[in-house]
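Written below as structure tokens is the structure these notes are about.
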Ligand code: UGA
Ligand code: MN
């Protein structure tokens, strides 16, 4: 059974441990999987490591901060890009076979898609629900063949697909040593898939019943405010002193 490498960008925010917990227990249903959790941070966070240990899915926990120049911009930021490129570096150094998949920490995944992507020869694709006003982002299949893409925003992209809608074989990645994701908001998927050239359309494998089913969703979580500090005089010597350490501060 070929191994699966699931690359998950993550960053500290009130929802982080909840998102990782939900995704982690989904991944727990999948055999022969290594979860590459890569945080946009300068150092690892023991609370994240503890959460990953508790879930019990085989993992590597790495860090890859977003470069300062992008953090400071007032415009859209390339979210999760340094993390995903760090994941690609890890695979180049540590993996020889199997399949890689970029699973953002906030999305929703039916475990069936993992078994389907496991046998990807080069690149596989499938529909992703809840993307833009069109409700879905999907390859278009006409008479059994890939015939373009359906997505609410094409933006001049060759591959107008969502991050949750494709997987790549590790062997194929090794054959494309310069493939990487660009720091270009909106064009991360397109830039990465283009960097895998040459790749013929008829080499793209179409999963999820030839793209008739939705097995992955680009869900979003409501952003929660940072927690206010507890009153130390009242709660300083109670369990809340421990819980306080788990919370994200303003
Ligand atoms: C999607 C893509 O996954 C992003 O790569 C892309 O930048 C974005 O669309 C876009 O084109 O605007 P989206 O759901 O909009 O992402 O964004 P998030 O879920 O906030 O972030 C994507 C991933 O990057 C998540 O796994 C998140 O944990 C991580 N992230 C986000 C960071 O590592 N650092 C950040 O500052 C923000
Ligand atoms: Mn998201």
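In percent, how large is the relative contact order of the stretch 4-223, given Cα pairs closer than 8 Å and 6 or more residues apart?
Once normalised by length, the contact order is 23 percent.
Please compute the alpha carbon radius of gyration of the stretch 1-81, then divide it by the globular-protein estimate 2.2 N^0.38 Å. Two decimals is fine.
Taking the Cα Rg and dividing by 2.2 N^0.38 Å, one obtains 1.17.
What's the center-to-center distance, using Cα atoms, between the stretch 163-196 and the stretch 1-61 in Å?
Centre-to-centre (Cα) distance: 21 Å.
Per Stokes-Einstein, at 37 °C and 0.692 mPa s, what whole-number D in µm² s⁻¹ belongs to the chain, with the Kirkwood radius over Cα pairs as the hydrodynamic radius?
Once the numbers are plugged in, D ends up at 171 µm²/s.
Which residue fluctuates most in the GNM of the chain (Cα springs below 10 Å): 173, 228, 27?
Comparing 173, 228, 27 in a Gaussian network model of the chain, the most mobile one is 228.
For helix 81-94, what angle does its Cα long axis make with the longest principal axis of the chain, in degrees from 0 to 90 and rounded to 10?
70 degrees
Can you compute the helix-only [θ] at 222 nm over the chain? Use -39500 (n - 2.57) per DSSP H run of at least 4 residues, normalise by all residues, nearest 500 deg cm²/dmol.
So the helix-based figure for the chain works out to -7500 deg cm²/dmol.
Which residue fluctuates most in the GNM of the chain (Cα springs below 10 Å): 205, 175, 60?
The residue that fluctuates most here is 175.
Of the beta bridges DSSP finds with both residues in the stretch 4-223, what % are antiparallel, to the nearest 5?
The antiparallel proportion sits near 40 percent.
Using Cβ counts within 10 Å as a stand-in for footprinting exposure, how do 35, 126 rank, fewest first?
Ordered by Cβ neighbours within 10 Å, fewest first: 35, 126.
Which of 109, 25, 150 has the fewest other C-beta atoms within 10 Å, and how do the rest follow up to the most?
25, 150, 109
Taking every eigenvalue of the Cα gyration tensor of the stretch 169-231, multiplying by 5 and rooting it, what semi-axes result, largest first, whole Å?
With the √(5λ) rule applied to the stretch 169-231, the semi-axes are 35, 20, 11 Å.
Every read-out reported here was derived from the displayed coordinates using simple, explicitly stated rules and does not represent laboratory data. Treat the numbers as computed from the prediction; the structure is a model and nothing was measured. Heads up, the Cβs are rebuilt from the backbone with ideal geometry, glycines too, and the neighbour counts pull from every protein chain shown.
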